[in-house]
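Only one structure is covered here, and it is reproduced in the block below.
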Amino acid sequence: MAAAFFTLPGRWRLVKTLRVVQNLPAVKLHLSGVAMIATEAEFEKAKNKLKTLKNDPGNEVKLRIYALFKQATEGPCNSPKPSMLDFVNKAKWDAWNSLGKIPKMYEEIMKALEQAAKDDSTLTVMTGSGDYYCSGNDLSNFTDIGPEGVEQKSKNSGELLKRYVSHYIDFPKPLIGVINGPAVGVAVTILGLFDAVYATDKATFHAPFSQLGQSPEGCSSYTFPKIMGTSKANEILLFNKKLTAAQACELGLVTEVFPDSTFQKEVWKKLHAYAKLPKNSLAFSKQLIRGVEKEKLHAVNAQECERLVERWLSEECMNAIMGFFEKKSKL
Ligand SMILES: CCCCCCCCCCCCC/C=C/C(=O)SCCNC(=O)CCNC(=O)[C@H](O)C(C)(C)COP(=O)(O)OP(=O)(O)OC[C@H]1O[C@@H](n2cnc3c(N)ncnc32)[C@H](O)[C@@H]1OP(=O)(O)O
């Protein structure tokens, strides 16, 4: 019996490096590849699948798949621009280049979840390394706008976020959060889709959306009112209230809080015991519990991402992000 285990870098933002912290005996490790199509082999498979389609999906779809594969395996477009007369390679270069700098980190977590969903592990644990759980989206994403321009980047980011949250909605096994320190933004809102959340008493939970001119994501506009009631959810999602671990537990966002001194020891003892339970029974029971509202969650996810695409282009958001970086520069 095993658990899939991978960690977010505590101090860095969600979109930084995904690292495996340690090789626990009963825990199966996942070092994520990247993205939707992780390897040449899988890309070849996707290409061959395209050939079996009755109607040719058209160059646009084929170029999109090619672009996502390059983005996932090599990151933002890094090859020299082909000449105008080299039509095919120019079209491929344009497709890849149009994705701009989609953060690879989200792609890596999605890949790790895809692997954990289909391997022989019993449950999947997400935690941070170091003093922090996760500082949310890397706000420098707003500053490095590539050649695709701000509208297209915002649209691409909305699609990326929708895929990212869908991976949690559809995850078939028990997904456990081990919150080892401060958690911010999307790292907090997505917890409403986890099956249990254990926190050190040092952890804090902050979703500073309105002060960033943004809006809730991770299905939190639905899960948080459901978990804690609308007015408590509003304090977090509208009025930027930062919760202590004890407050988050009282509201039902966190399952149990442990003293920091014994947190890691106590929580991993519990998880290793869980990982010995019959994995199909756990998976099927989770799917019964989550299945009733899966459609609803996907609809909420779509609405939240649509709203965020508008928010990211808004003056409120731009001013808030500039304020964040101005504050940094003054330090
Ligand atoms: C128009 C195009 C649109 C593009 C949009 C791209 C989006 C990509 C798609 C996915 C989007 C998902 C939606 C997610 C939304 C969110 O997550 S919103 C929340 C974002 N996060 C924050 O606002 C965190 C703010 N930071 C903090 O609260 C604190 O820094 C901390 C994390 C609690 C740590 O506090 P402390 O220990 O006091 O350290 P600090 O001094 O505050 O920070 C250390 C340095 O790190 C920098 N930093 C911290 N967090 C971030 C961050 N999220 N992004 C960028 N930089 C961050 C901080 O500025 C400090 O930097 P220096 O001053 O240079 O040391």
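The values are calculated or read from the model by the stated rules, or taken from the named source; none is laboratory data. The structure presented is a predicted model; accordingly, all values stated were derived computationally and were not measured. Every residue, glycine among them, receives a Cβ derived from its backbone with ideal geometry; neighbour counts consider all protein chains shown. Heads up: the accessible areas ignore ligands, DNA and RNA and are worked out on the full protein's heavy atoms, side chains in. Shrake-Rupley method; radii C 1.70, N 1.55, O 1.52, S 1.80 Å.
A few points about this structure:
- Within region 100-154, if we keep just the residues that are assigned by the TED database to the domain that holds residue 281 and of a type in the set (Phe, Trp, Tyr), the residue that is nearest to residue 177 (Cα to Cα) turns out to be 133.
Residue-by-condition table, conditions (1) closer than 26 Å to residue 127 by Cβ; (2) more than 24 Å from the chain's Cα centre (by Cα); (3) open to solvent by 40 Å² or more (accessible area, probe 1.4 Å); (4) not assigned by the TED database to the domain that holds residue 237:
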site: 277; (1), (2), (3), (4): yes, yes, yes, no
site: 281; (1), (2), (3), (4): yes, yes, yes, no
site: 288; (1), (2), (3), (4): no, no, yes, no
site: 303; (1), (2), (3), (4): no, no, yes, no
site: 321; (1), (2), (3), (4): no, no, no, no
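- Verdict on residue 318 being in contact (Cβ under 8 Å) with a residue 24 or more places away in the chain, aliphatic (A, V, I, L, M) and closer than 17 Å to residue 204 by Cα: no
- Single match in 297, 308 (criterion: touching a residue at least 40 places away in the same chain (Cβ under 8 Å), within 25 Å of residue 224 (Cα to Cα) and more than 12 Å from the ligand (Cβ to nearest atom)): 297
- Residues satisfying the stated conditions in region 189-215, i.e. touching a Ser or Thr at 6+ places or on another chain (Cβ under 8 Å) and within 9 Å of the ligand (Cβ to nearest atom): 189, 204, 207, 209
- Count of region 214-229 residues which are over 19 Å from residue 247 (Cα atoms) and of a type in the set (D, E, K, R): 1
- Filtering region 223-252 to residues that are within 16 Å of the ligand (Cβ to nearest atom) and closer than 21 Å to residue 300 by Cα leaves 223, 224, 236, 237, 238, 239, 240.
- Among the residues of region 111-149, those identified as in contact with a helix residue (DSSP H, G or I) (Cβ under 9 Å, 6 or more places away or on another chain), open to solvent by 30 Å² or more (accessible area, probe 1.4 Å) and under 19 Å from residue 189 (Cβ atoms) are 135, 137, 142.
- Among the candidates 70, 153, 81, the residue that is surrounded by 16 or more Cβ atoms within 10 Å (Cβ to Cβ) and either within 30 Å of residue 244 (Cα to Cα) or at pLDDT below 90 (or both) is uniquely 70.
- Test: residue in region 211-218 that is under 23 Å from residue 111 (Cβ atoms) and either buried (at least 21 other Cβ atoms within 10 Å of the Cβ) or touching a strand residue (DSSP E or B) at 6+ places or on another chain (Cβ under 7 Å) (or both): yes
Listed here are the residues, each with its yes/no results for (1) in contact (Cβ under 8 Å) with a residue 60 or more places away in the chain; (2) near the ligand (Cβ under 8 Å from one of its atoms); (3) over 27 Å from residue 77 (Cβ atoms); (4) touching a Cys at 6+ places or on another chain (Cβ under 9 Å).
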position	(1), (2), (3), (4)
125	yes, no, yes, no
130	yes, no, yes, no
142	yes, yes, no, yes
148	no, no, no, no
152	no, no, no, no
155	yes, no, no, no
161	yes, yes, no, yes
166	yes, no, no, no
